Amino acid sequence: MDYRALDLNLLVVLDALLEERGVNATARRLKVSQPNVSFALSKLRTFFNDELLVRQGNRMQPTPTGERLRDPVRRILATVDTELLRTPSFDPARSERRFAITTSDIGELVFIPKLMQALAQRAPGATIRCYSMRPEDLERAMAEGIVDLALGYFPDLDGAAFYKQKLFEHPFVCLVRAGHPTVGSTITLDQFLNLGHVVVSQEGRSQELFERTLSQQGLSRHIQLQSPHFVSTPLLIAKSDLITTVPKAVGTTYAELAGLRQIPPPLAIPPIELQQFWHRRVHHDPAILWLRALISELFLGRDPSSESEIG
């Protein structure tokens, strides 16, 4: 007996026949014609090589085979209904989902604090794991479901397989020590170019925007130190007359840690477009839908770092 020859619709008819014990009653229940039910019963009898139901007076009674099939058929139909056809849902209050997020070089400073606060209130059982990945690895990780969402500046995630939503634009700031001998609350372009600069080169891409702006304007500054590490930069600036240019969220954190002064850059630098990205494989995932909506609520048109003034 080859199950592939059995139409699922025939099981629906068999389940109704075993319940209603009559062709006419089954036709009314399923809202089909009586001949259609009779034809389906004939196919079922052929497939199972059994009468399945036989007439006794005004009702039909199941044969032993028909009776044996009652519970398995109901379980099959229930499984189809609840596991295949059921619309998936997400209950944040009860969820213990671990969300996997990749953030850019400034993402954890900008997004994660407020997001964690919101999760604590709305989805207290949910957790977040943050990944840092090279751009060439991120696309594969999102396609394979290793990463649910990317938050920040990711210009490489621009293929047809990805969706994105712009949240806000984020500026750059310059940082010097509070007692800098030549730089006050502002800085001229000549001062800026002649000072020694600390440049942080990480896997994040926001630094490229600043470097591209300098190149397009034909400007060259004196890079005194280039480092892959953010953590040492505020101490280097605090103990020297060097300057650095970083995204504002980074600058605000540095300033608080080491008593640095934030000043506006002396040239126009395009802001960083911070966005959320997701792969089309999770476009309809209820949990990711909920998380994207939460992020939109928290950050759409709202840069948390704007609460801190430069100065």
Quick one: angle between helix 64-79 and the longest Cα principal axis of the chain, in degrees between 0 and 90, rounded to 10, please.
-> 20
Could you give the angle, 0 to 90 degrees to the nearest 10, between helix 206-216's Cα long axis and the longest principal axis of the Cα atoms of the chain?
-> 50
If you average 1/r over every pair of different alpha-carbon atoms in segment 172-263 and take one over that average, what Kirkwood value in Å do you get?
-> 13.2
Looking only at segment 164-179, which residues have a backbone nitrogen under 19 Å from a spot 7 Å from the Cα of Leu219 in the C-beta direction?
-> 170-177
Using alpha carbon centers only, segment 6-28 is separated from segment 165-236 by a whole-angstrom value of 74
Could you list which residues have their amide H under 5 Å from that of Leu167, counting only those 5 or more apart in sequence or on another chain, with H placed in the peptide plane?
-> Leu274, Gln275, Gln276
Which option, (1) 21.1; (2) 22.8; (3) 17.9, is the value of mean projected area of the Cα convex hull in nm² that was calculated from these coordinates?
-> (2)
Counting Lys +1, Arg +1, Asp -1, Glu -1, what net charge surrounds Trp290 among other residues with beta carbon under 10 Å of its beta carbon?
-> +1
Between Arg74 and Ala160, with labels modelled 7 Å along Cα→Cβ, what's the label distance in nm to one decimal, could you check?
-> 4.8
Value of relative contact order over the chain, rounded to a whole percent, pairs C-alpha under 8 Å and six or more apart = 20
Tally Lys/Arg at +1 and Asp/Glu at -1 over every other residue whose Cβ is under 13 Å from the Cβ of Leu119; what's the total?
-> +3
May I ask for the net charge around Ala25, where only other residues with Cβ less than 11 Å from the Cβ of Ala25 are counted and Lys, Arg are +1 while Asp, Glu are -1?
-> +2
Segment Ile112-Asp241, length gained on full extension (0.36 nm per residue, minus Cα span) = 43.3 nm
How high is the FRET efficiency from Arg59 to Ala93, r the C-beta distance, R0 45 Å, rounded to 0.05?
-> 0.40
Pairs of lysine residues in the chain - Cα separation under 25 Å, sequence separation of 8 or more or cross-chain | 7
Calculated from DSSP H runs of 4 or more alone, at -39500 (n - 2.57) each and per residue, what is the 222 nm mean residue ellipticity of the chain, nearest 500?
-> -12000 deg cm²/dmol
Where does helix 8-20 land angle-wise versus the long Cα axis of the chain, in degrees 0 to 90, nearest 10?
-> 50
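Read-outs throughout are calculated quantities, based only on the coordinates presented, and are distinct from any laboratory measurement. Computed from a predicted structure; not experimentally measured. Here Cβ is always computed from backbone atoms with ideal geometry, including for glycine, and neighbour counts include all displayed protein chains.
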